[in-house]
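Readers should treat all values here as calculations from the given coordinates under stated rules, not as data from a laboratory. Quick caveat, the model's predicted, so the values are computed rather than measured. Here the Cβ positions follow ideal geometry from the backbone for every residue, glycine too, while neighbour counts run over all protein chains shown.
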Amino acid sequence: MPKKTKPNGFLLFMMDYRKREERKGRSFRGGIQEVQNDPQCNQEWQSMSVDKKAEYNRRAKDCKKGGAGKKTGTGESMDAVEREKMRKVEFAQNMNDEIESIVAMAMEFGNLPLIKFNFIHSNWFHTRSLENNEFDYIPAEFAVSEFSLKDGVTKIYHQILKTEIRCGYTREAMETSQETHQLPWNLQCGEDRFEVMAENLKEFLKPGMDGNKYPALYTSRQISPAVKALIKRLTHSLNVPNETFIVYELEVLFKYLRNAAMQKAGVVDSFHTVMAEYELIKDAFSFTPGLDCDFHKNLDGTSQFCSMSIVKRWAFTICDYCCENLGVEMLHGVHLPLKIHSDQSNMSDTMSVLSEKINVMQIQDTIGIKSMTGVSKEYRTRVSERTDAEEQKRRNDKRTVTVVKYGDLANSPPAEPEPEPAPVTVPPPKEYQIPLRRPHSISHAHIAGKQKEDEHTYNESEFPSLGVSVGRGNGARRKDNEPRPGAGRGRGIALS
Ligand SMILES: [Zn+2]
């Protein structure tokens, strides 16, 4: 009897590896022994991240205990699901406690407005379901900002990514992009090296480090799974544990900051996480111009989806609820959006500057970027008969914009009514000036063709009058076999 192999992490990995390779068309006739001798399999196990290896070892432990036998309706191990549930509860409790203590401590020392927090937002191209009933998000853009109540957003790390879309996901990626951020996945300026991005993020967060621990990154509940998927990619690229960059809920931070502010102002009411969530979804500053990244600045109607704009708007929302009660003066451009001057006298100047800018506007790095009309420049130049120089000339042939001041028109005396112009009769075209042909007459063309034959008149035999005709049927047959009058064929009723 062959000795039964005890499950270990590597054995489970080999089984997964075999399944994956067999789906690609390979076969392992030598069984698990052949998989074990496969150099590619060994290399993959050696270069596997610490987290992934630990996951395989944990699964192996479960198998040894026999706990893996119990499965949920979706085929997951009951123990694993329970453990994950407990882990989430524990994580939420730790997060609450930590944020509460940071805010309480800062209030104690009176320096809450100076405390720095980091916000993160990520856009994605498409999602992909994983084997453990979770979703992976393929990142498109992300932005991390450093924020304090006193100085607002002080610095930002923004990154646009490029990626290869897996077969079968192109449609979803196109739809997500078109409906939201409009980023193409093959943008030349995009970055695809996660290790570079992870190093940049480490550098960005370095000043806020507590010992060897990086400061927490706050994000809204809605996009938390996308941010966590991005963080996973970044940590895997450095082969460090996922917990290197910890992701907390922005709603919880907002709640404690608002409650602290209200407490300082002597308000007894309390602000709940649900209210914070609602305020962030409401996004009162969603149409604030000038907050987006360089790419989204050039694409009309996309600024509200830009990651850079979103992290700045979160800061405005939090300042709006907290600064005043904490005695922080609200400054435009720091705690509030910049003021937009809408002076009437400057209107025409603004319009001319604007039209000038539109005329000379050129989107940098246009390869593959779709314009507002959905057609890329590359495609247009290939298909259109108009050359670049002609297009530029057409834009430069500006038309002046006339500004009508309706306010002034309302105050001016009513204008004299203009006399009604005399009706103008336009003669019909020549071909319609010939009188129409009378009824029962023969056309001119017909006469010409027939060498002007005598005019034919119809008689009674050709068109008999009504009232003498007989219908079809046996009852109307005549006795003397006389022929029927030529009344035409029909199924009329005899009237006589
Ligand atoms: Zn952007």
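As a footprinting exposure proxy, order L280, L230, L161, L114 by other Cβ within 10 Å, with the fewest listed first.
The fewest-first ordering by Cβ neighbours comes to L114, L280, L161, L230.
Taking the beta-carbon count within 10 Å as an exposure proxy, list I99, I281 from fewest neighbours to most.
Starting with the residue having the fewest Cβ neighbours, the order is I281, I99.
Would you please give the FRET efficiency between K264 and E243, computed as 1/(1 + (r/R0)^6) with r the Cβ-Cβ distance and R0 = 30 Å, to the nearest 0.05?
Efficiency at R0 = 30 Å is approximately 0.35.
When the chain is fully extended, how far beyond the present Cα-Cα distance does L130 get from M86, taking 0.36 nm per residue of separation?
Length gained between L130 and M86: 13.7 nm.
Using a 10 Å cut-off around each Cβ, can you sort M14, M78 from fewest to most neighbouring Cβ atoms?
M78, M14
Count the net charge of all other residues whose Cβ sits under 9 Å from the Cβ of Y214, scoring Lys and Arg as +1 and Asp and Glu as -1.
+2
If we count every other residue with Cβ under 15 angstrom of T154's Cβ, Lys/Arg +1 and Asp/Glu -1, where does the sum land?
Charge balance in the 15 Å sphere: +3.
Filter the cross-link list K162/K202; K52/K232; K61/K232; K213/K312; K155/K228 down to pairs whose alpha-carbon distance in this structure exceeds 19 Å.
K162/K202; K61/K232; K213/K312; K155/K228
Return a whole-number percent for the relative contact order of segment 91-322, with Cα pairs under 8 Å and 6 or more residues apart as the contact set.
Once divided by the residue count of segment 91-322, the mean separation gives 22 percent.
What are the trypsin sites (Lys or Arg not before Pro) within segment 185-253 that DSSP puts in a loop, where the Cβ has at most 14 other Cβ atoms within 10 Å?
Here the sparse-neighbourhood loop sites are R193.
Tell me, what HN-Hα J-couplings in whole Hz come from the Karplus equation 6.51 cos²θ - 1.76 cosθ + 1.60 at θ = phi - 60° for each residue of segment 135-152, using x for Gly and Pro?
3J(HN,Hα) across segment 135-152, in whole Hz: 10, 9, 10, 8, x, 10, 6, 8, 9, 10, 10, 9, 9, 9, 5, 6, 9, x.
Would you kindly state how much longer the chain becomes between L338 and N96 on full extension, computed as 0.36 nm times their sequence separation minus their alpha carbon distance, in nm to one decimal?
Taking 0.36 nm per residue and subtracting the Cα distance, the gain is 83.8 nm.
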